[in-house]
Amino acid sequence: MMIPILRTIIHISILFLIIGMAQASSDIEKIIDFTLKELHPEIPYTKTAKNLLLLTVSVESDYGKADLKKSLGRNIGVFQIAPRTFIEIQKWAHDNGLKQKLNKLKEISEIHFHAALARIHYFMRIKNIPKIKNNDIWKMAWVWKTHYNTYKGEGTIEEAIIKYNLYCRRK
């Protein structure tokens, strides 16, 4: 008698886990979409930019799921921005009239704020992200590795592709 009840509890727990993962997936995508729209027109909203930020959060923090305090060292937030880069981005945003938008996004949540910082980081490196046709994951991973993680970072293009497929393609 106890086994069927235990089995039911396990099935319900798995169902809640799946629902939670889908909800988190939906939430992070909504946050990125909202943030990009807030930064527009100063920093153009593009589908490529959105997908690039989804790839970035996937590889940098397992789609925002990593325990940042325990496992990821000194970098900041789910987009894992280095402290020096964090300061550079904020100075650039201030110098380019985006300080109020950043403050507004920070008031909404830290994730909104960090998504904005990540988008600004890409924009500082490459004004116009090359249009990536058919959601070419290899090209997005190359842009991430070249302009975000750089040769100094531990991440690889292969890892970025795997994590993007894991977190963003399951929808």
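Read-outs throughout are calculated quantities, based only on the coordinates presented, and are distinct from any laboratory measurement. Bear in mind that the values here come from a model prediction, so they are computed numbers and not experimental data. Note that we place each Cβ from the backbone using ideal geometry, even for glycine, and neighbour counts take in every protein chain shown.
Quick look at the numbers
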{"item": "Proximal charge balance of L36 [Cβ under 12 Å; K/R count +1, D/E count -1]", "result": "+2"}
{"item": "Residues N165 and D27, FRET efficiency given R0 of 25 Å [Cβ-Cβ distance, rounded to 0.05]", "result": "0.80"}
{"item": "Reachable lysines, given that their alpha-carbon falls under 27 Å from the alpha-carbon of K152 and they are not under 8 places away in the same chain", "result": "K50, K65, K69, K70, K91, K127, K131, K139, K163"}
{"item": "For segment 151-168, Karplus couplings with θ = phi - 60° (6.51, -1.76, 1.60), whole Hz, Gly/Pro x", "result": "5, 6, x, 7, x, 10, 4, 4, 4, 4, 5, 4, 5, 4, 4, 5, 9, 9"}
{"item": "Karplus 3J(HN,Hα) series, Hz, for segment 40-46 with 6.51 cos²θ - 1.76 cosθ + 1.60 (x for Gly, Pro)", "result": "6, x, 4, 10, x, 7, 9"}
{"item": "Ordering of 32-45, 127-140 by burial proxy (mean other Cβ atoms within 10 Å per residue, highest first)", "result": "32-45, 127-140"}
{"item": "Fraction of the pair-distance distribution of segment 28-168 above 27 Å, Cα-Cα pairs, percent", "result": "12"}
{"item": "Pairwise label distance in nanometres, N75 with W92, each label 7 Å out on the Cα-Cβ vector", "result": "1.6"}
